[in-house]
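**Student:** Okay, handing you the structure first.
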Amino acid sequence: MIYLGMRVRTLRGMRTLRRIGKEIEHAAAAKPDGLLRHEMLWYSLVPPHAGMRQYWRDFDALERWTRSLPHKQWWGAFLRDSRGTGFWHETYFLRGGIEAIYVDVPEPLGLLTFAPAKPAIGTMFSARRRAGLEGDELAPVVPEAELEPRPRSTEPPTKQVSAAAQP
């Protein structure tokens with residue numbers, strides 16, 4: 001199960017949230033292979049913070065979907081410019097373990113409020129590695145080298161961090 005969220009940080013982020021919300025609904029309606037259930041959620045109205053909960057058959061199906069269109073396009077664009085929003089996800093595994101990432105989130109939330117935070121670089125750059133899962137890792141949407149240092153954005157700089165906990 002994966003929880004995802006997008007939190008508006010600036011006025012520009014309102015447009016981003018609205019646009020991406022529609023695109024995500026459309027992508028989920030296409031029933032990608034392995035997606036068992038998709039639910040949209042509102043975490044708060046002020047500041048606007050929307051998200052979703054998804055159930056996947058297995059991590060491999062989720063990982064494959066993240067490397068395909070349209071997700072690949074969304075994630076690549078977001079990593080280059082968060083467009084006034086912050087994004088996070090927390091993945092919980094049936095047999096134990098958690099992995100999470102928080103990008104341009106202005107204050108700790110969820111797992112990040114109590115788990116140790118580490119920069120999302122090196123072994124922490126990949127969800128598969130953060131979770132300690134075996135298997136072949138797929139190429140990242142955006143190579144890590146392209147993101148260091150953080151690309152220029154018109155938004156105030158914030159910190160990209162990840163938190164991981166394993167059984």
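The values are calculated or read from the model by the stated rules, or taken from the named source; none is laboratory data. Keep in mind it's a predicted model, so treat the numbers as computed, not measured. Every residue, glycine as well, gets a Cβ built from its backbone with ideal geometry; the counts of neighbours run over all protein chains shown.
**Student:** Quick check on Glu23: is it of a type in the set (Asp, Glu), free of Cβ contacts under 8 Å to residues at least 24 places away in the same chain and farther than 20 Å from Ala131 by Cα?
**Tutor:** For Glu23, the condition - of a type in the set (Asp, Glu), free of Cβ contacts under 8 Å to residues at least 24 places away in the same chain and farther than 20 Å from Ala131 by Cα - is not met.
Table: residues versus (1) at pLDDT 95 or above; (2) in contact with a Phe, Trp or Tyr (Cβ under 9 Å, 6 or more places away or on another chain); (3) under 18 Å from Val142 (Cβ atoms).
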position: Met1; (1), (2), (3): yes, yes, no
position: Gly13; (1), (2), (3): yes, no, no
position: Leu35; (1), (2), (3): yes, yes, no
position: Thr85; (1), (2), (3): yes, yes, yes
position: Thr91; (1), (2), (3): yes, yes, no
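**Student:** Out of (1) buried (at least 21 other Cβ atoms within 10 Å of the Cβ); (2) within 17 Å of Val8 (Cβ to Cβ), the odd one out for Ala127 is which?
**Tutor:** The one condition Ala127 does not meet is (2).
**Student:** For Leu79, are the conditions met, namely being modelled with pLDDT under 90 and assigned to a helix (DSSP H, G or I)?
**Tutor:** Spelling it out, Leu79 is indeed modelled with pLDDT under 90 and assigned to a helix (DSSP H, G or I).
**Student:** Report, by residue number, each residue of the stretch 108-124 that is surrounded by 16 or more Cβ atoms within 10 Å (Cβ to Cβ) and not hydrophobic (A, V, I, L, M, F, W, C).
**Tutor:** Gly110
**Student:** Same structure again: Taking the stretch 93-107 as the search range and keeping residues that are surrounded by 15 or more Cβ atoms within 10 Å (Cβ to Cβ) and of a type outside the set (Val, Ile, Thr), which one is nearest to Met14 (Cα to Cα)?
**Tutor:** Filtering the stretch 93-107 for residues that are surrounded by 15 or more Cβ atoms within 10 Å (Cβ to Cβ) and of a type outside the set (Val, Ile, Thr), the one nearest to Met14 (Cα to Cα) comes out as Asp104.
**Student:** Let me ask another. Looking at Glu99, Glu63 in this structure, which one is under 17 Å from the mean Cα position of the chain (by Cα) and assigned to a strand (DSSP E or B)?
**Tutor:** From the options Glu99, Glu63, the qualifying one is Glu99.
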